[in-house]
Amino acid sequence: MRALFRRRARPALSVLLVIHRMPRQAERTLRSLALQEGVAPGEVEVIAVENASDRVLGRERAEAALPGLRYVLRDETQPSPVPAVNHAAALARGAALAVAIDGARLLSPGVLRLTLAALRAMPGAAVAVPGYHLGAEPQQVSVAKGHDEAADDALLDAIGWPADGYRLFEVSAWSGSSRRGFLRPMSESNFLAMGRAKWDALGGMDPRYDALGGGKANLDLYKRLLDLPDTPLVLLHGEGTFHQVHGGISTNTTGTEREAIMAAIQAQDRAIRGEPVRPPEAEPILFGPVRPPARRFLALSLEKAG
């Protein structure tokens, strides 16, 4: 395996990845990072922060999946990933930071290469990647119908993953945050990159989002970033992050349990912001190629914008 993530004095990009109770899924996510295309050795560092649990991935498996990563296992008293993100940012050496708050999301092969290219072309930009769920429907729907980890395994086997990471588009559906398509506002991104000056201006992720799963912390970060002056939105519309079933809070709980959790999350968001988080009205700059498996989503985006 190529030593893409060996350390050097100042990487161009630090990826901040949070892991909690998802060892198999996080291991695959790290493997998708190891297979990124067009990245020079040492250009990117990955900092994987794992919050301790009864299902730990651990350093040995993490480093086997992604040689050269920086792995941190920490105890966390809050049920939120926000402290882990901010801890990773404090360790980061990159000129830019990318927040990957959910360690269960596979990356398509061009995410890092195109993020770096976009930040070189537009240093003040926010670079975002659309989100998808493995399966024919968003997992909030499919899990209630019986979609589970075994179903994810079968889908990945069917496309021969990871031989061609772009085939993930063949077995996925838009996540809720991306369901309006590439030409209308998204509400968040699970791979969101920015220059360090932008991160510092935001003060990182808001630690008041201490609800289970972080609540709407990621949506808040996305909106606050795009509300900063001189922050164009660059959307890598031919790339994606692909959510795997792992028992997550918003995607993999159902029925009355999910309703109660979401009500608490909404209440916390109102208490923090004074109003619900609304998608920023940012017109995206579409950046990068769209491989054949992803083109149906481009066509759907044109229909939805129409």
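What the table shows:
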read-out: At 0.692 mPa s and 37 °C, Stokes diffusion of the range 13-305 via Kirkwood alpha-carbon radius, µm² per second; value: 173 µm²/s
read-out: Cβ-based net charge around Lys304, under 9 Å, with every Lys or Arg adding one and every Asp or Glu removing one; value: +2
read-out: Between the range 258-305 and the range 146-184, the Cα center-to-center distance that results, in Å; value: 17 Å
read-out: Computed helical MRE - 222 nm, the chain, DSSP H runs ≥ 4 contributing -39500 (n - 2.57), nearest 500; value: -10000 deg cm²/dmol
read-out: In sequence order, calculated HN-Hα J values of the range 56-68 (Karplus, 6.51, -1.76, 1.60; Hz; x Gly/Pro); value: 9, 5, x, 4, 4, 5, 4, 6, 5, 6, 9, x, x
read-out: Separation in nanometres of the label points that stand 7 Å from Cα toward Cβ, at Ala158 and Glu60; value: 3.5 nm
read-out: Cα gyration tensor category, rounded, prolate or oblate, for the range 85-140 with a/c compared to 1.5; value: oblate
read-out: Nonlocal amide H pairs with Leu35, under 5 Å, H built at 1.01 Å; value: none
read-out: Footprinting exposure proxy for Val141, Val129 (fewest neighbouring C-beta atoms within 10 Å first); value: Val141, Val129
read-out: Rounded to 5, percent antiparallel among DSSP beta bridges of the chain; value: 30 percent
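Each reported figure results from applying straightforward, stated rules to the coordinates on display, with no laboratory input. Predicted model, so just to flag it, every value in this text is computed and none were measured. All Cβ positions, glycine included, derive from the backbone under ideal geometry; neighbour counts span all protein chains shown.
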